[in-house]
Amino acid sequence: MPRPPIDVVALADGVLAGNRGAIARAITVVESARPDHRDKASELLSRLAAYTGKAVRVGITGVPGAGKSTFVNALGVRLVERGERVAVVAVDPSSRRTGGSILGDRTRMADLTALEGAFVRPSPSGRHLGGVARATRESMLVLEAAGYGVVIVETVGVGQNEIAVSEMVDTFLLLTLARSGDQLQGIKRGILELADVIAVNKADGEGEGPARVAARELSGAMRLMMPGDVRRPPVLTCSALTGAGLDEVWAAVLAHREWLVGQGSLAARRAQQQEDWMWAMVDAHLQDAVRESARGIRARVEAEVRSGRISAVEGCSRILAAYAVDVQTRGTAD
């Protein structure tokens, strides 16, 4: 049985009322790549815009095995128990071959998911780099309009271009852990430069000592990377398993946000994020338009590039030529 058409006014009202079903459907609409859904999503976000912007926006990334989902689960439960409403967009890596996604983060956040004051939304990353789904920004706005005061974006993790998430949140938290040998192994300089707060997780039991050593080494590395009188991200230790240090990590997140406000940087950062979002959407829509225009020749051009009969440069030229013809044809028709 087909779903009824999307009533944007009713959907917006449901989101503002905090109706979980309406929130879920609204996010589904803004995540959709269907042209008719994109139009509805734009109208929906326009109706919700006045109710957004008040949440604390936090991006969390980390080295593989750092326990990002477990950390978010423990921190989120702690915040909800204190009266906060917490929303999580957990971006899950998608297969490049099938487009499928495991969406397993929700299972690792079972405690948080069960709470009335929390909303956890797994979101497949699709073909987009940076550990961030194309509609992550839109999803965040829906959740803010629904009254969630803390919105957390958990990314795929270090190894992709994490600039994307740092450009849509107030505070970028890097979660890492102590390793044998070189404690900095596997952490890229670019990620460290983006971090606003750094936390060494799994500081419990036999791991507590190594975690403190790793924190000291990271602090030293940050002093070398950021010499002079500049703000350097605090490096803390914590344990998502025992809860130790979570309060201090959250206090550091809030302190960073207060620092932004005090510097007059929060409004400027969010204004820049809006501009970045605009161009990201332009890029995404252009890519969709080019793919649609080249639909008739795409399979043939891809096959010729794979076989080596033409170069990637020549293939690109053919695809763009098809797009140019399509644009000209539609312009003449108008």
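The values are calculated or read from the model by the stated rules, or taken from the named source; none is laboratory data. Just so we're clear, the structure is a prediction, and the values are computed from it rather than from any experiment. Accessible surface is based on the protein model in full, side chains and every heavy atom, while ligands, DNA and RNA are left aside. Shrake-Rupley method; radii C 1.70, N 1.55, O 1.52, S 1.80 Å.
Histogrammed with a bin width of 5 Å, the alpha carbon distances of region 227-291 distribute as 4, 13, 12, 13, 13, 12, 12, 10, 7, 3, 0 percent, first bin at zero.
With all protein chains present, how much of the accessible area of the chain (probe radius 1.4 Å) comes from carbon and sulfur, to the nearest whole percent?
Numbers: 9130 of 16790 Å².
Carbon and sulfur together cover 54 percent of it.
Just the Kirkwood number for region 212-334, please: inverse of mean 1/r across all distinct Cα pairs, in Å, one decimal. Write down the numbers at each step before the final one.
Details: mean 1/r = 0.0500 Å⁻¹.
Result for region 212-334, one decimal place: 20.0 Å.
Across all C-alpha atoms in the chain, the radius of gyration and Dmax reach 21.9, 72 Å.
A Cα-only calculation for region 194-253 places Rg and Dmax at 11.9, 36 Å.
Based on protein heavy atoms only, the chain ends up with 50 Å² per residue of surface accessible to a 1.4 Å probe.
The phi torsions of region 15-26, fed into the Karplus equation with coefficients 6.51, -1.76 and 1.60 and a -60° offset, translate into couplings of 5, 5, 7, x, 5, 5, x, 5, 4, 4, 5, 4 Hz, rounded to whole numbers, with Gly and Pro shown as x.
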